[in-house]
Amino acid sequence: MNSFTLAPRDRLIVALDFPSQAKALALVSALSGSVSIYKIGLQLYTVAGPAILQAVAATGAKIFLDLKLHDIPNTVAKAVAAAGELGVAMLSVHLSGGNAMLKAAMEAKPPNLSLLGVTVLTSATQETLREIGVATEMPKHVLHLAELGQQIGINGLITSPREVGLLRQRLGSEIVLVTPGVRPAWAAADDQKRFTTPSEAIKNGADYMVIGRPITASADPRAAVERVVEELTA
């Protein structure tokens, strides 16, 4: 997953956070030729299963299967292998699953699957960390998990755009950084707590950005995509 020569449009991952396959595919059809990567998360995958992966892949787009795996090493390894057989390009796992789980995941993945490690969810705050018994400050905790993933050899990291600059500085240019919680200035923040604009995310060192509702809930999704691309190009 080499991101160094990516065009602005190819840095965009559109989140298909829909309650049905029909609605998801309607958006994919509306965005035909405008988007090259789609994220399929827990809601849509639970509803539609592997069939939605096959349907989106048939359009020529790549798939980021965002299941945020976090289980015992053997279970995660089998899930990673299954995702590889389904032909997805990217798959997410929680770095908080620890060394043994991450190693099992890396050993199980095929070469054409990029494993992305989740640091801390963009909806989380310092108070969230305290609630689950983590006393470390947010940036330090994110960096700790990111370094764990890098030591294991993970292909990329999923992190808030607020911490992406820190990770790029500390981890170097080789690791791929994917940022959810990206919100154009003209869009509502919704439930994201640690977010920034697309151009800020790229300036801070992000390779890819995930955008959902500002595009998927728009009255004109294609126009919303073009506004994001124009911002990145500028």
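The values are calculated or read from the model by the stated rules, or taken from the named source; none is laboratory data. Because the structure is predicted, anything quoted here is derived from the model rather than measured. Every residue, glycine as well, gets a Cβ built from its backbone with ideal geometry; the counts of neighbours run over all protein chains shown.
Here GLU226 meets the list (1) over 19 Å from ARG9 (Cβ atoms); (2) modelled with pLDDT of 90 or more almost entirely, failing just condition (1). For the stretch 82-116, what are the residues that are touching a strand residue (DSSP E or B) at 6+ places or on another chain (Cβ under 6 Å) and of a type outside the set (A, V, I, L, M)? If the condition is that a residue be touching a strand residue (DSSP E or B) at 6+ places or on another chain (Cβ under 6 Å) and of a type outside the set (A, V, I, L, M), then SER92, HIS94, LYS109, SER114 are the ones that fit. Residue count for the stretch 110-144 under the criterion of being within 22 Å of PRO73 (Cβ to Cβ) and either among the acidic types (Asp, Glu) or crowded, with 20+ Cβ neighbours inside 10 Å (or both): the result is 7.
For the condition among the acidic types (Asp, Glu), modelled with pLDDT under 95, at negative phi and surrounded by 15 or more Cβ atoms within 10 Å (Cβ to Cβ), ASP66 does not qualify. Every condition in (1) crowded, with 17+ Cβ neighbours inside 10 Å; (2) out of contact with any strand residue (DSSP E or B) (no Cβ under 6 Å at 6 or more places or on another chain); (3) in a helix (DSSP H, G or I) is met by ALA79 except one, and the failing one is (2).
Out of everything in the stretch 152-170 that is within 15 Å of VAL118 (Cα to Cα) and at pLDDT below 95, what residue ends up being surrounded by the fewest Cβ atoms within 10 Å (Cβ to Cβ)? So the residue we want is ARG162. Beta carbons closer than 6 Å, at least 6 apart along the sequence or on distinct chains, pair a first residue in the stretch 83-96 that is in a loop (DSSP other than H, G, I, E, B) with a second that is of a type outside the set (Gly, Ala, Ser) and at pLDDT 95 or above for LEU86/PRO50; LEU86/LEU53; VAL88/ILE63; VAL88/LEU65; ALA89/LYS62; ALA89/ILE63. In this structure, ALA26 does satisfy being surrounded by fewer than 14 Cβ atoms within 10 Å (Cβ to Cβ), in a helix (DSSP H, G or I) and without any contact (Cβ under 8 Å) to a residue 24 or more places away in the chain.
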